[in-house]
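*Asks:* Structure below; questions to follow.
The values are calculated or read from the model by the stated rules, or taken from the named source; none is laboratory data. Predicted model only: the values in this text are computed from it and were never measured. We place every Cβ from the backbone using ideal geometry, glycine too, and count neighbours over all the protein chains shown. Only protein heavy atoms, including side chains, enter the accessible area calculation; ligands, DNA and RNA are left aside. Shrake-Rupley method; radii C 1.70, N 1.55, O 1.52, S 1.80 Å.
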Amino acid sequence: MCRLFGLHAGTEVVTATFWLLDAPDSLAQQSRKNPDGTGLGVFDERGHPRLRKEPIAAWQDATFSTEAHELTGTTFIAHVRYATTGSLDARNTHPFLQDGRLFAHNGMIEGLDIVDQRLRELGTSDLVLGQTDSERVFALITAGIRAQNGDVSAGLVDAIRWLADNVPVYALNILMCMGTQMWALRYPQTHQLFMLDRRRDGDPDFDLSTSRIHAQSELLTERSSVVFATEPMDDDPRWCLLDPGELVYVDAALNISRSIALPDAPRILIRRDDLSQPVFRAQHAMPGTRHLP
């Protein structure tokens with residue numbers, strides 16, 4: 001399945017080095033099994049979003065290695081794609097940018113014609129530049145935020161609730177950020193999403209690694225941060241699994257708000273047995289090697 005990584009350092013500008021190509025446990029090494037695109041998004045010291053993404057596996061792109069090795073900013077989202085919907089194209093590669101927010105998604109929905117009709121009704125169909133279900137989900141969230149007068153949490157929940165009521169859903173794990181804010185949603189229980197609360201100073205070195213992602217930062221060894229990932233990246237006991245339907249919001253001061261925003265399962269829940277073999281392989285490629293009880 002696609003891999004997500006999110007880092008929020010509050011208002012502090014930090015450097016997070018992502019070992020994308022040359023580390024044994026690198027994002028790029030694992031993109032050999034998640035080969036359909038690699039993307040990095042960051043909000044820089046001026047609060048401006050920067051995107052670097054390619055519609056090919058990271059290990060094939062030397063330029064990507066050079067440009068993505070070090071990123072400086074306050075919030076980061078990284079994504080490795082295993083395509084379920086949409087061709088291999090930069091427009092279909094995460095993260096996506098809309099209304100000054102970065103977004104990445106792990107999962108799948110069906111009924112895209114229904115979603116497209118809804119987006120036309122809401123006036124946000126023009127935000128969808130590619131073919132993916134993920135970008136459509138983002139456009140629906142953007143419409144919800146606009147309808148809620150900029151309340152991001154309310155708009156996000158409204159959009160996902162509409163999807164849960166109207167189209168078949170397999171998984172909608174989401175990371176979304178602005179310059180000094182981040183949101184994470186796990187919905188429903190299909191895929192896992194973890195959070196690491198590193199708000200205490202003086203922690204051991206910031207050197208987080210799985211068989212999919214390796215990130216480290218000297219600055220973050222002495223500064224607080226909050227990390228989200230599709231699997232625990234080290235043996236830190238503070239990694240916690242989000243509950244199904246749980247929405248996490250982290251503000252500029254790194255205050256964490258957690259709530260079960262979507263307690264009910266989708267009206268039409270797509271189950272593993274319903275998936276075709278290609279879709280099953282895309283959604284469950286490279287199962288994690290670390291598990292929490």
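*Asks:* SER153: net charge of surrounding residues, Cβ under 13 Å, Lys/Arg +1, Asp/Glu -1, itself excluded?
*Replies:* -1
*Asks:* What is the calculated FRET efficiency for ALA147 to ASP207, with r their C-beta to C-beta distance and R₀ = 41 Å, to the nearest 0.05?
*Replies:* 0.45
*Asks:* What nm value, rounded to one decimal, do you get for the distance between GLU12 and ASP113 when each label is placed 7 Å out toward the C-beta?
*Replies:* 5.2 nm
*Asks:* Arrange the residues ARG223, ARG101, ARG200 by how much accessible surface each exposes, largest first, with a 1.4 angstrom probe.
*Replies:* My answer, sorted largest first, is ARG200, ARG223, ARG101.
*Asks:* Let me ask you something else. Distance in nm between label sites at ASP264 and ARG199, each 7 Å beyond Cα in the beta-carbon direction?
*Replies:* 3.2 nm
*Asks:* At 1.4 Å probe size, what's the solvent-accessible area of GLU135? Round to the nearest 10 Å².
*Replies:* That residue has around 10 Å² of solvent-accessible surface.
*Asks:* Would you calculate the separation in nanometres between label points at ASP44 and GLN189, each defined as 7 Å from the Cα along the Cα-to-beta-carbon direction?
*Replies:* With each label point 7 Å from Cα toward Cβ, the separation is 4.5 nm.
*Asks:* Taking Cα pairs under 8 Å and at least six residues apart, what relative contact order does region 121-252 come out at, in percent?
*Replies:* Averaging sequence separation for qualifying contacts and normalising by length gives 22 percent for region 121-252.
*Asks:* Keeping all protein chains in the complex and leaving out DNA, RNA and ligands, what accessible area do you get for HIS214 with a 1.4 Å probe, in Å² to the nearest 10?
*Replies:* Rounded to the nearest 10, that gives 30 Å².
*Asks:* For region 141-208, what's the relative contact order in percent, using C-alpha pairs closer than 8 Å and at least 6 residues apart?
*Replies:* Rounded, it is 18 percent for region 141-208.
*Asks:* Please give the solvent-accessible surface of ASP116 in Å², to the nearest 10, using a probe radius of 1.4 Å with every protein chain present.
*Replies:* Its heavy atoms expose roughly 40 Å² to the probe.
*Asks:* Can you give the FRET efficiency to the nearest 0.05 for ASN255 and LEU219, using r as the Cβ-Cβ distance and R₀ = 35 Å?
*Replies:* According to the calculation, E is roughly 0.95.
*Asks:* So what J values fall out for region 147-152 if you push phi through Karplus, 6.51 cos²θ - 1.76 cosθ + 1.60 with θ = phi - 60°, rounded to Hz, Gly and Pro as x?
*Replies:* So the J values, rounded to whole Hz, are 5, 9, 6, x, 6, 5.
*Asks:* Could you check how much of the accessible area of region 92-201 is carbon and sulfur, as a whole percent, using a 1.4 Å probe?
*Replies:* Heavy-atom surface of region 92-201 belonging to carbon and sulfur, 1.4 Å probe: 42 percent.
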